[in-house]
Amino acid sequence: MDDQDGFFGERVAAAYDESSADMFEPGVVDATVDFLAGLADGGRALELGIGTGRIALPLARRGVPVHGIDLSRAMVSRLRAKPGGDSIGVTIGDFATTRVDGTFSVVYLLFNTIMNLTTQAEQVACFRNAAAHLEPGGCFVVEVVIPELRRLPAGQNVVPFHVSPTRWAFDIYDVATQATSSNYVEVVDGRGEYRSIPFRYVWPSELDLMAQLAGLHLRERWDGWTREAFTSESRQHVSVWQKPAD
């Protein structure tokens, strides 16, 4: 990928909010903002992968000062075009390594974005970067899916998640390397188009070890933003790691 915006260039950014409409539902957004505002507790928040401002904008409206880091100028331009977008500071860069001034009460990385870092080393670096931005006692929050390997019969490495007469979407898994990709095939006016975005899936226990390497400890883990219990049947988790207070 040679686009300076990575896999989230102008074409993806232009349709991002509509293609992720379920994540923009008020119930989803409000629960997320309530959770993060409680952790911020009057302090500042840093969003890694701020994108078009799905959470940053309503969190800022709640009175939480928000700064963001994002590689995609195209995504950030959508944030800027929204009401209140100009008041949120954004640093363009790789959120695994880019530093900004000051410290924060909460750093958060949502909607599976940790998996956009496609190596374990990059994911470890992200945890260390988050920890470096946290004030003592501050928290790092990650929302991410559980890998759907239970849906793979022996010998199969593909999980479809959308099938229609003109559009097919499927994930491909490599269980040896934890590499995965989301793949999209669409036919419009008789012409086909194929797009693939790489990810690296990661397990909760692996994330806990990354946090430990960054000097953080697990504070809580939930199935979702309204604090449902995390169980062996959970398909996603919201995890909070905390920096020591002293």
message: Going by what's in this entry, would Phe140 be described as out of contact with any Cys (no Cβ under 9 Å at 6 or more places or on another chain), open to solvent by 10 Å² or more (accessible area, probe 1.4 Å), among the aromatic types (Phe, Trp, Tyr) and not in a helix (DSSP H, G or I)?
response: no
Within the range 166-176, tally of residues that are part of a loop (DSSP other than H, G, I, E, B) and in contact (Cβ under 8 Å) with a residue 12 or more places away in the chain: 2
message: Would you confirm, using the coordinates I've provided, whether Gly38 is assigned to a loop (DSSP other than H, G, I, E, B) and either among the small types (Gly, Ala, Ser) or farther than 26 Å from Ala132 by Cβ (or both)?
response: no
- request: Take the residues in the range 10-54 that are more than 24 Å from Gly93 (Cβ to Cβ) and of a type in the set (Phe, Trp, Tyr), then tell me which one is surrounded by the fewest Cβ atoms within 10 Å (Cβ to Cβ).
  value: Phe24
- prompt: Just to be sure, is Tyr108 closer than 28 Å to Gly224 by Cβ and in a strand (DSSP E or B)?
  reply: yes
Sole residue being surrounded by 12 or more Cβ atoms within 10 Å (Cβ to Cβ), basic (Lys, Arg) and either touching a Gly at 6+ places or on another chain (Cβ under 9 Å) or within 16 Å of Leu110 (Cβ to Cβ) (or both), chosen from Arg200, Arg151, Arg167, Arg221: Arg221
task: Would you be able to tell me the number of residues in the range 91-116 that are surrounded by fewer than 22 Cβ atoms within 10 Å (Cβ to Cβ) and aliphatic (A, V, I, L, M)?
output: 3
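The values are calculated or read from the model by the stated rules, or taken from the named source; none is laboratory data. Just so it is clear, the model here is predicted, and its values are computed rather than measured. Please note: Cβ atoms are built from the backbone with ideal geometry, for glycine as well, and neighbour counts cover all protein chains shown. Accessible surface areas use protein heavy atoms only, side chains included; no ligands, DNA or RNA. Shrake-Rupley method; radii C 1.70, N 1.55, O 1.52, S 1.80 Å.
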